Structure formats: structure tokens, C-alpha cells
Amino acid sequence: MKKTETKAKNEEGKKIVGAGCNDNKCHIHGSVKARGRVYEGTVTRKLPTRIVIELERMIYSSKYERYYKSKTKIHAHLPKCMENEIHVGDLIKIQECRPLSKIIHFVVIKKIKSGEELK
Ligand SMILES: [Zn+2]
């Protein structure tokens, strides 16, 4: 009995969260599964269905035997249910998924910090 009760509860919860999100490329409500590499970076541009994030990484140069900083830009899909909480300057987490278009193969997983908190 207990098992069936919890199942029903979960289904209800999903319906509530999924309200208003009919995005097929959403990793929570759509058919896209997030898997693979995870990155954290700051949002530099926001477009209707995607965002551009910039992340700094250290690269080892064997010629000079030291590390140097390099910036990488990644385009990620922004699901409809997260459209209102993510703005330019925020620190967010993205994860790799199947290629959604020519340049998009990442989805936004969650927001870590807002831009105002970072300042
Ligand atoms: Zn969604």
C-alpha cells in the first residue's frame, strides 16, 4: 500500500512542476537526458532559447612548463521553466547532452549564484 501512495504523490508533483513547460528540449520535462561533462560558468549573453556562458580554465604549457589561463565560450540550451530565473552575470551549472543543434550540446542544470550576489 505504501508504495502505491508514494508513486501517486510523485506523479502529482511532476504535473505541478511541469505546468507551463512544454519545452521538448528541457532536461526535466522534455525528452533530453543530461549526461557527460559538467561545467560552471558565468552567463555572458541571453537569447530566447539559449545562453552563452564563459568559463576560465588552466591549461598546462609543456614548452614553458607552467599553467596559463584560457577562456572558453559554450552555448547551452535554456529550458522554458528556467527562463525567468537566469540573467546575464549569473553563475550557473551546465551539463552535456545530445546535440540539440549545430552549436548547442549542453543544457542548463541549475543556478548557483545570481549576478548580484557575486559582486
Ligand atoms: Zn522544464
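The residues in the stretch 2-44 that are away from the ligand (no atom under 16 Å from the Cβ), modelled with pLDDT under 85 and at positive phi can be counted, and the count is 0.
Among the residues of the stretch 58-75, at least one is under 14 Å from the mean Cα position of the chain (by Cα), crowded, with 17+ Cβ neighbours inside 10 Å and not aliphatic (A, V, I, L, M). Checking every residue in the stretch 55-70 against the condition of being within 15 Å of the ligand (Cβ to nearest atom), modelled with pLDDT under 95 and assigned to a loop (DSSP other than H, G, I, E, B) gives zero matches. The selection criterion, being more than 23 Å from Cys21 (Cα to Cα) and in contact with a Ser or Thr (Cβ under 8 Å, 6 or more places away or on another chain), does not hold for Glu117. When the stretch 77-107 is filtered for residues that are without any contact (Cβ under 8 Å) to a residue 12 or more places away in the chain, within 13 Å of the ligand (Cβ to nearest atom) and surrounded by 14 or more Cβ atoms within 10 Å (Cβ to Cβ), only Glu83 remains.
The values are calculated or read from the model by the stated rules, or taken from the named source; none is laboratory data. No experiment lies behind these values; they were computed from the predicted model shown. Neighbour counts run over all protein chains shown; Cβ positions are idealised from the backbone, glycine included.
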